[in-house]
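K.L.:
Please find one structure pasted underneath; my questions will follow.
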Amino acid sequence: MKGIKNIIFDLGGVLLDIDYQKSITAFEKLGLENFEEMFSQFKADALFEKLETGELGNEDFYRAIKKRTKLDITDAQIDQAWNALILHFRTGSLRVLEALSGKYQLYLLSNTNRIHLTYFKELFTLETGKPLLDQYFSKAWYSSEVGLRKPGTAIFEFVLQEAELKAAETLFIDDTLINIETARRMGFKTHLLLPGERIELMDFDV
């Protein structure tokens, strides 16, 4: 791409198939009937925002969820419901990363809590036979590790500073419009990945 030296990828909905409805349904079965109001692709209430920025530990999260449900549930059941939204890695998209790595510096920026992080790392190895997803990138940033999350400007400023990047030389790919809008205002080149679209269909040579 003209003038582009770096590409930052989102994870869920870009490299990893996810389905929020599966977690909504799973939590409803556990007695949490308003899960969609608490967490979705487009928003997170205070509980889930604290979880995704690492401010809230797993044990505190389990306790909070149990208080909101009507049934006697276990930590393992909460994990299972919470991880239900994670489906499969897009192997075709991962192959694109391998091809792009010779032309661009690649990065990952994901709103990811510790429970999901543990789960999808194991899933990645199971599905690909490779040890680490992070091996595709010069740096991978997860919100629960850096204490910041999209769509806040602070996490983009953090990324630019830590990796010594220039926004104008960096393409940001995400499947959520509000994240794209923040990046665009900050001078990034952006691409909103639409439902059904894959990065293997993008023309990176334009």
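K.L.:
Quick one: order 146, 159 by neighbouring beta-carbon count within 10 Å, fewest to most.
P.N.:
Ascending number of Cβ neighbours within 10 Å: 146, 159.
K.L.:
Name the long-range amide H neighbours of residue 141: under 5 Å, sequence gap of 5 or more, or other chain; modelled H, no Pro or chain starts.
P.N.:
Long-range HN contacts for residue 141: 108, 109, 110.
K.L.:
Now, a different point. Can you find, among 6, 126, 47, the residue farthest towards the positive end of the dipole of the chain? Put +1 on the C-beta of Lys and Arg, -1 on that of Asp and Glu.
P.N.:
6
K.L.:
Another one. How much FRET efficiency would the formula 1/(1 + (r/R0)^6) give for residue 29 and residue 91, where r is the Cβ-Cβ distance and R0 is 25 Å, rounded to 0.05?
P.N.:
0.25
K.L.:
Indicate the gyration tensor shape class of the range 20-83 (rounded, prolate or oblate), computed on the Cα atoms with a ≥ b ≥ c the square roots of the eigenvalues: a/c under 1.5 is rounded; otherwise a/b larger than b/c is prolate and the rest oblate.
P.N.:
Since a/c reaches 1.5 but b/c is at least a/b, the shape of the range 20-83 is classed as oblate.
K.L.:
Taking only C-alpha pairs under 8 Å that are 6+ residues apart, what is the relative contact order of the chain in percent?
P.N.:
30
K.L.:
Once you order the gyration tensor axes a ≥ b ≥ c over the Cα atoms, which shape class does the range 50-176 get: rounded for a/c under 1.5, otherwise prolate or oblate by comparing a/b with b/c?
P.N.:
Taking the square roots of the gyration eigenvalues as a ≥ b ≥ c, the range 50-176 is oblate.
K.L.:
Report the local net charge at residue 112: Lys and Arg +1, Asp and Glu -1, summed over other residues whose C-beta lies under 11 Å from its C-beta.
P.N.:
Cβ neighbours under 11 Å give a net charge of +1.
K.L.:
Using the number of other C-beta atoms within 10 angstrom as an exposure proxy, rank 65, 73 with the fewest first.
P.N.:
Numbers: 65 23, 73 19.
Least crowded to most crowded, the residues run 73, 65.
K.L.:
Can you list the lysines whose alpha carbon is less than 28 Å from that of residue 67, not counting same-chain residues fewer than 8 positions off?
P.N.:
Result set, ordered by chain and number: 22, 29, 43, 50, 150.
K.L.:
Could you work out [θ]222 nm for the chain from helices alone, using -39500 (n - 2.57) per DSSP H run of at least four and dividing by all its residues? Round to the nearest 500 deg cm²/dmol.
P.N.:
The helix-only estimate for the chain comes to -12500 deg cm²/dmol at 222 nm.
K.L.:
Given a 10 angstrom Cα cut-off, can you work out which residue in 100, 85, 148 is the most mobile in a GNM of the chain?
P.N.:
100
K.L.:
Sticking with this one: Return P(r) of the range 3-111 (all Cα-Cα pairs; 10 Å bins starting at 0; whole %; ordered from short to long distances).
P.N.:
13, 38, 26, 16, 6, 0
K.L.:
Another question, then. So for the pair residue 117, residue 45, with labels modelled 7 Å out along Cα→Cβ, what separation do we get in nm?
P.N.:
2.4
K.L.:
Which ordering of 174, 45 is given by a fewest-first count of other beta-carbon atoms within 10 Å?
P.N.:
Result, fewest neighbours first: 45, 174.
K.L.:
What nm distance separates the two modelled labels at residue 134 and residue 198, each placed 7 Å from Cα along Cα→Cβ?
P.N.:
That separation, rounded to one decimal, is 2.8 nm.
K.L.:
Among the aspartates and glutamates, which have Cα under 12 Å from the Cα of residue 139 when same-chain residues fewer than 8 positions away are ignored?
P.N.:
162, 164
K.L.:
Just in the range 145-206: which GluC sites (Glu not before Pro) are loop by DSSP and have at most 13 other Cβ atoms within 10 Å?
P.N.:
Those satisfying the criteria are 164.
K.L.:
Are there any trypsin sites (Lys or Arg not before Pro) in the range 1-56 that are in a DSSP loop and have at most 12 other Cβ atoms within 10 Å? List them by number.
P.N.:
Of the trypsin sites (Lys or Arg not before Pro), the ones in loops of the range 1-56 whose Cβ has at most 12 other Cβ atoms within 10 Å are 2, 43.
K.L.:
Helix 91-100 sits at what angle to the longest principal axis of the chain, using alpha carbons and giving 0 to 90 degrees rounded to 10?
P.N.:
It is inclined by approximately 30 degrees.
Taken together, the values in this text are just the output of simple stated rules run on the coordinates, not laboratory data. None of the values given here were measured: they were computed from a predicted structure. Positions of Cβ are backbone-derived with ideal geometry, glycine not excepted, and every protein chain shown enters the neighbour counts.
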